[in-house]
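The values are calculated or read from the model by the stated rules, or taken from the named source; none is laboratory data. These figures come from a predicted structure and were not determined experimentally. Heads up, the Cβs are rebuilt from the backbone with ideal geometry, glycines too, and the neighbour counts pull from every protein chain shown.
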Amino acid sequence: MSEDKARPTPKVWVVQEMSNHDISGALRFGEIQTLLPASVQVAFSPWPVIRTVRRKLQRMGRDDYLLLTGDPVIIGLVCAVAALYNGGRYNVLKWDKRERLYIPITIDTTEKGERDDD
């Protein structure tokens with residue numbers, strides 16, 4: 001008889017704290033975890049940020065989500081690390097202004113679907 005292992009609670013990884021944003025709607029997708037405080041900058045030295053993001057996202061599961069807030073450079077870095085640790089696949093939450101809710105989107109950088117050649 002096999003043991004049933006409890007699945008860990010999904011997490012919503014908030015890229016960078018933003019005190020003026022209400023992200024409570026993301027709670028329905030998992031437990032909120034903040035990667036970086038609002039004050040973090042990458043302009044002069046990205047390595048401390050890279051080390052922190054890599055260390056924290058090592059625990060990222062396939063059912064977790066990224067909430068893409070903050071500095072666009074840091075957002076790009078976080079997406080790259082998430083893809084690296086999850087075989088090219090990660091989930092994001094996109095805010096829909098009209099519906100006033102988060103929409104989950106799966107990004108799979110390895111998927112071989114149809115190409116749109118222009």
So which of ARG89, ARG55 is surrounded by 12 or more Cβ atoms within 10 Å (Cβ to Cβ) and either within 15 Å of TRP13 (Cβ to Cβ) or modelled with pLDDT of 95 or more (or both)?
ARG89
Answer yes or no: is there a residue in segment 24-40 that is exposed (fewer than 14 other Cβ atoms within 10 Å of the Cβ) and either closer than 25 Å to GLU111 by Cβ or touching an Asp or Glu at 6+ places or on another chain (Cβ under 7 Å) (or both).
yes
Give me the residue from segment 62-80 that is of a type in the set (A, V, I, L, M) and part of a helix (DSSP H, G or I) and, out of that set, surrounded by the most Cβ atoms within 10 Å (Cβ to Cβ).
VAL78
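To keep it simple, each residue is scored yes or no on (1) under 15 Å from the mean Cα position of the chain (by Cα); (2) crowded, with 16+ Cβ neighbours inside 10 Å; (3) within 24 Å of LYS97 (Cα to Cα); (4) small (Gly, Ala, Ser).
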{"site": "VAL14", "(1), (2), (3), (4)": "yes, yes, yes, no"}
{"site": "GLU17", "(1), (2), (3), (4)": "yes, yes, yes, no"}
{"site": "ASP22", "(1), (2), (3), (4)": "no, no, yes, no"}
{"site": "PRO48", "(1), (2), (3), (4)": "no, no, no, no"}
